Amino acid sequence: MNNIFVYCENENGRIADVSLELLTKARELANTLGCKVEALVLGTNLGGVEKELASYGADIVWIGEHKEMAPYRTLPHAAVVCGLFRQEEPQIALFGATTVGRDLCPRISSALHSGLTA
């Protein structure tokens, strides 16, 4: 069974609270479904972020650290997320209902021809 992914927003080197909340909910869902939680964070200065995300329930942490990833820009982020999702085929992906999430998630859903619930 495919895993649950959480897109973790990075705000000036700090993981957004909404992303940590989503990781906690993803952990509950994963326990019910018998799968793993995978977190994805893109940005710069992300050293040690994997420990924080693991403490909120992430089993696997994907880190995309590159100068093109900060500040947030739609196209570079969408390209990375789509590439990873094509490779890993998550059964569920959670994005925060933030400005970034509302911009990025529909683009990914459209590119991958997947469902989307807001």
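The values are calculated or read from the model by the stated rules, or taken from the named source; none is laboratory data. All figures in this text were calculated on a predicted structure; none of them were measured in a lab. FYI the Cβ positions are ideal-geometry reconstructions off the backbone, even for glycines, and counts take in every protein chain you see. Only protein heavy atoms, including side chains, enter the accessible area calculation; ligands, DNA and RNA are left aside. Shrake-Rupley method; radii C 1.70, N 1.55, O 1.52, S 1.80 Å.
So if I check each of Ala26, Ala30, which one is in contact (Cβ under 8 Å) with a residue 12 or more places away in the chain and under 12 Å from the mean Cα position of the chain (by Cα)? Steps first, answer last, please.
Values: Ala30 fails: under 12 Å from the mean Cα position of the chain (by Cα).
Among Ala26, Ala30, only Ala26 is in contact (Cβ under 8 Å) with a residue 12 or more places away in the chain and under 12 Å from the mean Cα position of the chain (by Cα).
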Can you tell me which of (1) touching a residue at least 12 places away in the same chain (Cβ under 8 Å); (2) over 18 Å from Cys105 (Cα atoms) is the one Glu9 doesn't meet? (2)
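Can you find, within the range 1-12, the residue that is farthest from the chain's Cα centre (by Cα) among those that are open to solvent by 50 Å² or more (accessible area, probe 1.4 Å) and farther than 14 Å from Leu84 by Cβ? Spell out how you get there, then give the answer.
Restricting attention to the range 1-12, the residues satisfying the condition of being open to solvent by 50 Å² or more (accessible area, probe 1.4 Å) are 1-2, 11-12.
Narrowing the set further to residues that are farther than 14 Å from Leu84 by Cβ leaves 1, 11-12.
Numbers: Met1: 18, Glu11: 14, Asn12: 16 Å.
Checked the range 1-12; the qualifying residue farthest from the chain's Cα centre (by Cα) is Met1.
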Would you mention how many residues in the range 49-71 are open to solvent by less than 70 Å² (accessible area, probe 1.4 Å) and farther than 23 Å from Asn3 by Cβ? 1
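Determine if the range 76-87 includes at least one residue that is farther than 19 Å from Thr117 by Cβ and modelled with pLDDT under 95.
Filtering the range 76-87 for residues farther than 19 Å from Thr117 by Cβ gives 76-77, 79-80, 83-84, 86-87.
Of the ones still in play, those that are also modelled with pLDDT under 95 are none.
No, every residue in the range 76-87 fails to be farther than 19 Å from Thr117 by Cβ and modelled with pLDDT under 95.
Could we say that Lys25 is modelled with pLDDT of 95 or more, surrounded by fewer than 17 Cβ atoms within 10 Å (Cβ to Cβ), among the basic types (Lys, Arg) and touching a Leu at 6+ places or on another chain (Cβ under 8 Å) here?
Taking the combined requirement at face value, the residue satisfies it.
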